[in-house]
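Structure first, then comments.
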Amino acid sequence: MRYEAPDTIKAAVGLLSKAKGTSRILAGGTDLLVQMRSGMIEPDLVVDIKSIPGMREIVAEKGGYRIGAAVSGAELEEHGKVGKMWPGVVEATNLIGSTQIQGRATMVGNLCNASPAADSVPAMIAAGATARVVGPKRTRDVPVEDIAKAPGKTSLAKGEFVASIFLPKAPARTGSAYLRFIPRTEMDIAVVGAGIALTVNAKGVITAAKVSLGAVAARALVVDACAKAIIGSSLDDEALDRLAAAASAAAKPISDKRGTVDFRIKVAGVLARRAAVIAYDRARG
Amino acid sequence: MPLDANTPDLRTEFKSVGTRPNRPDGVDKVTGRARFGADFALPGQLTGLILRSPHAHAKIKSIDTSAAEALPGVKAVITYKDIPEQEGCDKDVLVNIMARGTALYDGHAVAAVAAVDASVARKALKLIKVDYKVLKHVTDVDEAMKPDAPVLHPGRFDPVDFSTLENAAHVSGKEERKTATPAHSNIAGRYVFGHGDPDKGFKQADVIVEHEFKTEATHQGYIEPHACTASVSSDGMAELWVCTQGPFMVRDVCASLLGMDVSRLRVTPSEIGGGFGGKTTVFIEPVALALSRKAGKPVKVVMSRSEVFRATGPTSSASMWVKIGAKKDGTFVAADAVLKYQGGAFPGSPVEMGAMCAFACYDLKNVRIVGYDVVTNRPKQAAYRAPGAPMSAFAVEGVIGEIADKLGMDAIDIRLKNAAKEGTVSSYGPTFGPVGLVETLEAAKAHKNYKVKLGKNQGRGVASGFWFNFAGNTCVSINLNVDGTLALALGTVDIGGSRASMCLMAAEELGISYEDVRAVIADTSSLGYNDISEGSRVTFSSGLATIKAVRDLKVRMCGRAAKIWGIPEDAVKWENGAAHPAGSNAGNFPPLSIKEIAAQASATGGPLAGHYEINAEGAGPSFATHVCDVEVDPDTGAMKVLRYLVVQDAGKAIHPSYVEGQFQGGAVQGIGWVLNEEYFYGKDGTLQNAGFLDYRVPVCSDVPMIDTVIVEVPNPGHPYGVRGVGETSIVPPLACVANAVSSAIGVRARTLPMSPPRVLAALEGVAASKA
C-alpha cells in the first residue's frame, strides 16, 4: 500500500488519475480505516488530503459557507455561525459516531462513503448544499443528492474527489432540522433519517420546503411530495399528517439486521413530522 | 493453639472487611500499564491467524495448504492433521478448535498459519484452498428438534419419541406428537426436575397463565478479545501467556489435546478485560501451541472482534413454555415448564441449570421442569453469567407478572407470598438453608424507587432471581515477608476486584492494615490446582482459603513467639496483629508484633508461610429482586430505562463497592439482552452482525445509574458469611424490563430482544385489536 499526502489539489488529482488498482481518499479516516482493518478493502493507494490548503477551513462565501473536505464534525460545531444558519446540517454531522470520532469524521467523507444511512446527507440535501468536485478534466459543482448512486457507489469519475461543500445563504425565516432513529442513544447507524429545511413568511405560512429521507432506499431520497404536503400551510395537524403519509409512501426500505420494512416506513413518517415541527419553530424564531 | 476459640466460625464484627479501599490493580489499569492478553511479546515471535469456515454447515472435501506453505515468511500451516486425537481428550473441544471433516458453523476454524508478520499471515490464509460441499443447516432450536431437521452429528444422538413424555405438545407441536422417529436427532440431552403432582395442583387453581417465550443468543461482550502467546521449545517445554478465567483449566485441556505431560506446560494468566464466563474454555490456545510446536518459534494469536462473535461461545438461544396456577390470594398451587436451549454445534447448553433455576425463587408443592439440550449450526456456547438462568427467569417471572395483574395484586406482595425461605424444598431438590429472598423483596418494597409516581407511557416492572453459586477446588499460599508485610498468592484470576477482597480478608484475620498485603495471581507452576474463576465462586472459595491460610500462618507465628518466650505453643494467642501470651498463667511477656516475628523468622526456624487447600462446599445461594421503570415512545417503539434498582443478598459484602459493581454490571448486561442484543443470522446461516456496531450492547447513555441495595443474610458456609454475588444480578433484568413495558403500554413481550421494530409491531397489533 502506498500512502501519499500531496499539498495541492492538482497533485492529488494527478495521483488518483494515474493510480492502478484500488485508491482511496483519507480525510478523517473514520470509514476508511475501519474498512481496511476489517478486510473489506485493501487499497493500493491512499491519498491523504489534509495537507492541501483550504481542506480544513470554513470560509464565508456569497452569504453562505464553504466547508473544506477535511473539516471535522467538532470543528464544524465549534465554528458556531454555520450551525446558526443551518442547525439541521451541523446537528446531523455531530450525530456521527462518538466524541472521539467527531474529532476526525467529516461531512464529505460521510457523503462519499455513499451509505444510504449517512446522517449528514439528508440534512445537506434539505439545505440545498452543493459539492465541489475537482478532477483531471474540470471542476464542477454538483447537488449533494447527485453524489451517491447506490450503497458504496458514487457518481465521481476516476481522478475526481469532493474538495468542499457549499451551504448557500439561508433565506430569512428559514429553519432546518435532522432526526434519526437508532435503537440506542448514540454511536449507531440510522435506521431511518429525516432532514428538512423550510422557510415561512411573516404570517407563519410555509413558502418553501425541502425534505430528504435517509436509510429508506439505496440512497438518500429527495421527497417532493413531502415538501408539497406542507407548503402553503402553517404546519397544522392536517399538514403534518399529509407530510407523514408522504414520507411513509416515499420510503422504499429493506429489512435487515437494523430494522424491518414496516418499521422503517412507519418511522419515516414519524421522524419527518417531528423534524418539521422543530424546523418550523426555528424558522419562526 | 486453640485457634477456633478466639476466631469463631461466623464472624460478625469487622475492621477491614466492609471498607472500600482502592483496588491494588487499579492504578495500572487506569494508566494503561496493566498487561492484558495481547500485551505479551517474545523475541522472534510469529503472528498466528486462523482460517474460518464461511459456511454454516459444510463437508470439508479437501484442504490444500501447499501454496500457503510456499509463501516466503510463512513458518507453519496447520490443519486438524497436526492435532491428532489423543486418548482421553475432550473430543468436542478438539473438534471445536479445528474442524475435522465437517465445518459445523460459520466461523468454525479450518486451518491456521504462523508467519513473520500479520500481512504475510493474511496472504497465506488466502492461499489455503478448502473444497467445501455445503450442507443444509439449522440455527433455530425449534427447527433443530423437528424430525426433518438436518442432523449435525449423524449416529450420535438417538431419536426422541415425545409421545411417551410429559408436555409433548410443548416440545414439537401437536402434529408431531407422534414423532416419525428419524434415524438420528439433534437432541443431546433431556433433564427433568420437580416434585409433587402439577396436574393435580392445577385443578386447585383459581387462575392459570401459560405462554411460550423465546430469547435470542447473546454474547458476553467482553471488551478484550481472546489473545495468547505460546512458546514451545525443541525439548517440548512450553509456556503460554493468555487471557483466561482459568489458567489451570487451560493448562490441563491444552496438555490433553496436544498429548503433553501437564508438567511441561506452564500457563501465566494476564489481566483480564472481561470474561463473564466466555473465557472458561479454550479456543485459540491449543492452536497457538500447535503452531509454535510446528514452527519452532513463539506464536501470538489475537482474535479480531468478528472472530470473537463468530467463533467463541455466546450463550444459548431458548424456546420455552411456562404455566403457573394460583389461588385468588396469590398462592401458587402448581408450576410447569418445558425449556429448549440450543448450545451451538455441540452438547452442553446450560438448559440443566436453567431448569434448576426456573422456579428456585418459590416455595412450590407441585412443580415440574423438563429441559432439552439441542445442537444447531452455531458456535459452541460457553458460560455466560448465571448460565441458563436469565432465560428461564424471563419466562417464569413474566408469567408471574401476568398472574399478579390478573389478581390485582402488588408485584412484590405476590412474590413475598410464595418466596422460598430457610427450610423450603427447592424446585430442583435441595432444602434451602438461610437465604435472603424475602429480605430483598422487603427492601425493594421500602425503596424510594418503588414509590415514584409514573407518567404517561411509563411503567414499572419487578422480577426476582436466583443463582446457586459455586465453590470448588482452591489453593492459596500466604508468605510473610522480612518486614512483616505479606505476599498472598492466589490461583483464581481476578475478574471482579477479588484481589482487593482477599487482601481485606487477610488483613482482617491478621489484625493488620489492608496496605500490608499484596495479592498476586500465580501461574500454574506456583500453586496447586484451582478451579476456574466462575460460578461466583472466587470471593467465597479463595476468600475461605485465604482466611484458612492466614490461620495456618498465625499458628506458625504463635509457635515462633512461644519459642522466643520459652512457653508452650498453645499458651500463645493472636490478637490485633501480634502474638500475646494466652493468659496470666502463660507468663508476662510484651506482645510480639507481626513485624517483630518476621524480623526473627530466620533465627527462629526459617521463612514463615501459610497454606490452605480445599475442594470447598457450602457456597450459599444469592437471591435478588429488581425494580425498573421504563418509558416507551408509542410512535417508534423506542424504550428508555428511567430507573433501575438492584437489591441482592451478598451474605457479607467484603468490599461493598465491588459488590455494587457486580450488581450494576449484571443489570446492564441483562438490560442489553432485553433491549437490543441478539445473534442475527442470515438465511444462509451466517452471522450478520459480528461487530459492536450491529451487536448492540448498551452504551453509557442507554442506562440510568443503577441503584443498589446490599442485603446481608450471612452464609453459614463461610467464616465471614460471604455469598457469591457476580451472577444473580443478570437473572431478573430480562423479565423486569419486560414487565415494566407491559405496565407502560399493555404489550407483553415474550420474544427477545424487545427491539423497537418488535415493540412497534406489537403496539400496532394492540391498536388493531381495539379498533
- At B:D413 and A:T139, where each label point lies 7 Å from the Cα along Cα→Cβ, what is the point-to-point distance in nanometres? 7.7 nm
- Query: Hey, got the average number of other protein chain Cβ atoms within 10 angstrom for residues in B:733-740?
  - Reply: 0
- Note on the structure: Out of B:S536, B:A599, B:A762 - ranked by how far each Cα lies towards the positive end of the dipole of chain B, with unit charges on the beta-carbon of charged residues - the top one is B:A762
- Whole-percent carbon and sulfur share, accessible surface of chain B, 1.4 Å: 51 percent
- Message: Suppose every Lys and Arg Cβ carries +1 and every Asp and Glu Cβ carries -1, with no other charges. What dipole size does region A:51-167 come out with about its Cα centre, to the nearest 20 debye?
- Response: 440 debye
- Partner chain Cβ atoms within 10 Å, averaged over the residues of B:437-446 - can you pull that number for me? 0
- At 1.4 Å probe size, with no ligands or nucleic acids counted, give the accessible surface of B:W565 in Å², nearest ten. 30 Å²
- Task: Place a +1 charge on the Cβ of each Lys and Arg in region B:616-771 and a -1 charge on the Cβ of each Asp and Glu, then give the dipole magnitude about the Cα centre in debye, rounded to the nearest 20.
- Result: 280 debye
- Item | Highest to lowest packing among A:58-65, B:656-663, A:44-51, B:480-487, scored as the average C-beta count within 10 Å | B:656-663, A:44-51, B:480-487, A:58-65
- Selection from A:P253, A:V223, A:L198 lying farthest towards where the dipole of region A:174-283 points positive, charges on Cβ: A:P253
- Note on the structure: Row for the protein assembly as shown, column shape: gyration tensor on C-alpha, a ≥ b ≥ c, rounded if a/c < 1.5 i.e. under 1.5, prolate if a/b over b/c, else oblate; value prolate
- A correct Karplus calculation of ³J(HN,Hα) over region B:664-671, with 6.51 cos²θ - 1.76 cosθ + 1.60, θ = phi - 60°, whole Hz and x for Gly and Pro, returns 5, x, x, 4, 5, 5, x, 4
- Note on the structure: In order over region B:600-614: 3J(HN,Hα) from phi, Karplus 6.51/-1.76/1.60, θ = phi - 60°, whole Hz, x for each Gly or Pro, gives 9, 4, 4, 6, 9, x, x, x, 10, 8, x, 9, 7, 9, 7
- Item | Contour minus Cα-Cα distance for B:E764 and B:N479 (0.36 nm per residue) | 95.9 nm
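Of the listed peptides B:617-630, A:198-211, A:83-96, B:195-208, what is their order by residue-averaged count of other C-beta atoms within 10 Å, with the highest listed first?
Going by the mean number of other Cβ atoms within 10 Å, highest first, we get B:617-630, A:83-96, A:198-211, B:195-208.
Let me have the relative contact order for region A:174-283, percent, based on Cα pairs under 8 Å that are six or more residues apart.
Value for region A:174-283: 32 percent.
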- Which cross-chain or sequence-distant (5 or more) residues have an amide H under 5 Å from the amide H of B:R266, H modelled 1.01 Å from N in plane? B:A238, B:E239, B:L240
- Placed amide H near A:E61: partners under 5 Å, 5+ positions off or other chain: A:R66
- Cα gyration tensor, chain B - rounded (a/c under 1.5), prolate or oblate: oblate
- In region B:448-510, the trypsin sites (Lys or Arg not before Pro) that fall in loop regions by DSSP, at most 16 other Cβ within 10 Å: B:K453, B:K456
- What ranking do B:739-752, B:714-727 get when scored by the average of other Cβ atoms within 10 Å per residue, highest first? B:714-727, B:739-752
- Task: With everything on Cα atoms, drop me the angle between helix A:9-18 and the longest principal axis of chain A, reported from 0 to 90° to the nearest 10.
- Result: 70 degrees
- Task: With +1 on each Lys and Arg Cβ and -1 on each Asp and Glu Cβ, and nothing else charged, work out how big the dipole of the protein assembly as shown is about its Cα centre, in Debye to the nearest 20.
- Result: 3360 debye
- For region B:562-570, take each phi angle, set θ = phi - 60°, evaluate the Karplus expression 6.51 cos²θ - 1.76 cosθ + 1.60, and give the result in whole Hz per residue in order, putting x for glycine and proline. 4, 5, 5, 7, x, 10, x, 4, 6
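Other chains near B:628-638: what is the mean number of their Cβ atoms within 10 Å of each residue's Cβ?
Mean partner-chain Cβ count within 10 Å for B:628-638: 3.
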- Query: Does region B:433-528 classify as rounded, prolate or oblate by the C-alpha gyration tensor (a ≥ b ≥ c root eigenvalues; a/c under 1.5 gives rounded; else a/b over b/c gives prolate, otherwise oblate)?
  - Reply: prolate
- Lys pairs, region A:51-167 - Cα-Cα below 26 angstrom, 8 or more residues apart or on other chains: 7
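May I ask for the Kirkwood hydrodynamic radius of region A:67-205, worked out over all distinct Cα pairs and given in angstroms to one decimal?
Roughly 15.3 Å, rounded to one decimal.
The values are calculated or read from the model by the stated rules, or taken from the named source; none is laboratory data. These figures come from a predicted structure and were not determined experimentally. A quick note on method: Cβ atoms are made from the backbone with ideal geometry, for glycine too, and the neighbour counts reach across all protein chains shown. Note: accessible area is taken over every heavy atom of the protein model, side chains too, but ligands, DNA and RNA are not part of it. Shrake-Rupley method; radii C 1.70, N 1.55, O 1.52, S 1.80 Å.
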